[in-house]
Amino acid sequence: MDSLLNKRVWVAGHRGLVGKALCRRLERENCTILTTTRHELNLLNQHDVEAWLLHEKPDAVFIAAAKVGGIWANNTKPAEFLYENMMIAGNIIHAAHLAKVSKLMFLGSTCVYPKMAAQPITETALLTGALEPTNEWYAIAKIAGIKMCQAYRRQYGDDFISVMPTNLYGTHDNFDLESSHVIPALMRKAHEAKMSGAKAMTVWGSGKPLREFLHVDDLADACVFVFQRYSGEEIVNIGTGQDVSIGDLATMIARDVVGYTGALDFDSSKPDGTPRKVSDVSRLKALGWKPSIDLLTGLRATYAWFQENYDTARAVA
Ligand code: GFB
């Protein structure tokens, strides 16, 4: 087991949904958490990233930094999603090698798998078919990061591993309606429809796609668990293994979480994206980890946070 006790651990991307949750979780490991703001270190600049890592020499690195967004942002900003994610992965992984970082975890995503992968998706489905067009730019960059971890392990023996989180949600998420993922978007829409007494709220697409959702605190716990117990070239899915239709999710958020009883209008001009995305979590289970936050409990906790932080949460893109 790779203990994190007294280690210097860099969480790249500590201000995001995942990075914040990782920092909260790592506080229990009695390690020294290193963080850098965008102002202190530009992760897109190779020279700066190398200089910072060679100077700070962390023992461990978690790459939670990424340009992320929902289906609309991915589909409309292909250059940003490809360039920024490739640079972040390339700069950090190479510099971590130069700085002799003992262990590194790269966070990929289940959207790196082929659009029509057999369900539930096993890790071996990687690179066996065409990607979902709405997020292929993001996926290509993430696949490059996964391959870098594998290549550096093969050529240099670096202990760099990759995990594939499923769709995530939780406190500190992005609630901007254009760039967010489905859960924060529907939560905000239902909340605002309830407050204004609107007769209906809009749900993008047909409502038929199936998605798997994991609370970000579960994800952070799984990352720390895998980091300490797993070393190898194979990637590891992190999810619940259970999915829900977008239509049922919208009903759950509106009725059971927010308490909005108006109609749900499905907007077919918006893309559905991949028809189904549920991960096979056998590998993770075999390592000994399982999630502890069920969807309704996680949604209610996220909504409580959203209400408490309504003014700031709305503004974060
Ligand atoms: O969460 P989401 O944007 O990401 O959308 P993806 C999931 C599904 O929810 C899609 C539908 O079928 C959307 O059309 N949906 C319904 C909505 N209403 C809304 C809404 O108001 N906002 C949003 N955003 N969706 C992303 C990838 O795909 O998954 C990323 O693009 C990333 O690369 C992420 O990997 C995990 O699951 O479709």
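No value in this document is a laboratory result; all are computed from the given coordinates. Predicted model, so just to flag it, every value in this text is computed and none were measured. Glycine gets a Cβ as well: all are built from the backbone with ideal geometry, and neighbour counts include every protein chain shown.
Quick look at the values:
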{"item": "Packing rank of 262-271, 148-157, where each peptide gets the mean count of other beta carbons within 10 Å, highest leading", "result": "148-157, 262-271"}
{"item": "Peptide ranges 246-252, 167-173 listed from the most packed, as the mean C-beta count within 10 angstrom indicates", "result": "167-173, 246-252"}
{"item": "Loop-located GluC sites (Glu not before Pro) in region 1-110 whose Cβ has at most 12 other Cβ within 10 Å (DSSP)", "result": "Glu40"}
{"item": "Cβ-Cβ FRET estimate between Asn309 and Arg8, R0 fixed at 30 Å, reported to 0.05", "result": "0.45"}
{"item": "Neighbourhood net charge (11 Å Cβ-Cβ; Lys/Arg +1, Asp/Glu -1) for Phe266", "result": "-1"}
{"item": "Spin-label model distance (nm) - Gln228 vs Met1, 7 Å beyond Cα toward Cβ", "result": "0.5 nm"}
{"item": "Computed FRET value (nearest 0.05) for Ala51 with Tyr156, which takes r as the C-beta separation and R₀ as 30 Å", "result": "0.90"}
{"item": "DSSP-defined beta bridges in region 166-317 - what % are antiparallel, rounded to 5", "result": "15 percent"}
{"item": "Value of D in µm² per second that Stokes-Einstein yields for region 137-247, Kirkwood Rh from Cα pairs, at 4 °C (1.567 mPa s)", "result": "78 µm²/s"}
{"item": "Dipole magnitude of the chain about its Cα centre (Cβ charges: Lys, Arg +1; Asp, Glu -1), debye to nearest 20", "result": "180 debye"}
{"item": "Cα-based Kirkwood hydrodynamic radius, region 113-176, one decimal, Å", "result": "13.7 Å"}
{"item": "0 to 90° range, to nearest 10: angle between helix 78-98 axis and the chain longest Cα axis", "result": "30 degrees"}
{"item": "Inter-centroid distance (Cα atoms) of region 20-67 relative to region 227-303, Å", "result": "27 Å"}
{"item": "Label-point separation, Ala286 to Arg24 (7 Å along Cα→Cβ), nm", "result": "3.2 nm"}
{"item": "Antiparallel DSSP beta bridges within the chain, percent to nearest 5", "result": "5 percent"}
{"item": "Sparse-neighbourhood loop sites, GluC sites (Glu not before Pro) in region 210-317 - DSSP loop, at most 16 other Cβ within 10 angstrom", "result": "Glu233, Glu234"}
{"item": "Length added when fully stretched, Ser196-Leu127, from 0.36 nm per residue minus Cα-Cα", "result": "20.2 nm"}
{"item": "Fully extended contour minus Cα-Cα distance, from Glu40 to Ser102, at 0.36 nm per residue", "result": "20.0 nm"}
